[in-house]
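What follows is a set of notes on a single structure, which appears directly below.
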Amino acid sequence: MYNGSEWGIVGESGEFIPHIPPGRQLRGEQHRTGVQVSIGFVGEYTYSVDDKGRLTIPARLRHAFDAGIILTVGLDHCLWGFTRDGWERFAAKLASLPSGSANARTITRFFFSQAFEGALDRQGRVLIPENLRQYANLSNEAVIAGVGDRIEIWSPEAWQAFKEEQMANMVAIAEELGDLASDAHSRFV
């Protein structure tokens, strides 16, 4: 007999938040309400970019972009890809920056002016506009990296250079960030 104990709730952004029985130990990332939620986008994938500038999104990530994908320039000369809900959260953060600050206006212009609203075609591809392909130095291949709340799209050369450079600094970075230091130290040393 099904008693509903497996049911959850739907959070403010529409994400499913599972019901966790009282007293049960939680593992993984926790939602602000104290229940476990998805870890977001993870993994590294390499796909070709066709002559028309279309990039295939990995099958395991496609469902997240059913309502569309918003691409924009990212930091480190990569592109950032957001779900519609993810973009709305990011846009709200940008909108909350003080408009009297020159840096806030600059960063807001940087992300919004280059944003592109797209949709996946039947083969799971998204068209990357020429200006964004140029910004990220994309030609025949791209690396898609899941980074939690978004995906990043890199040229394979830039991604490899970034990884090599950052791996050399990973322990120092983790130590600077605090609690991650003990986990990172055991993994990278």
Give the range 142-175 a look and list any residue that's surrounded by 20 or more Cβ atoms within 10 Å (Cβ to Cβ) and of a type in the set (F, W, Y), or say none. W154, W159
The range 73-108, subset basic (K, R) and out of contact with any Ser or Thr (no Cβ under 8 Å at 6 or more places or on another chain), residue surrounded by the fewest Cβ atoms within 10 Å (Cβ to Cβ): K93
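When residues of the range 52-72 are filtered for being of a type in the set (A, V, I, L, M), in contact (Cβ under 8 Å) with a residue 24 or more places away in the chain and surrounded by fewer than 18 Cβ atoms within 10 Å (Cβ to Cβ), how many remain?
Matching residues across the range 52-72 total 1.
Conditions (1) among the polar types (S, T, N, Q); (2) at pLDDT 95 or above; (3) over 16 Å from D76 (Cβ atoms); (4) touching a helix residue (DSSP H, G or I) at 6+ places or on another chain (Cβ under 7 Å), marked per residue:
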site	(1), (2), (3), (4)
P98	no, no, yes, yes
V126	no, yes, yes, no
N140	yes, yes, yes, no
N169	yes, no, no, no
Can you name every one of the helices (runs of 4 or more DSSP H) wholly within the range 73-186 that holds 3 or more residues which are within 22 Å of V42 (Cα to Cα) and free of Cβ contacts under 8 Å to residues at least 12 places away in the same chain? 156-177
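The values are calculated or read from the model by the stated rules, or taken from the named source; none is laboratory data. Everything numeric in this text was worked out from a predicted model, so none of it was measured. Every residue, glycine as well, gets a Cβ built from its backbone with ideal geometry; the counts of neighbours run over all protein chains shown.
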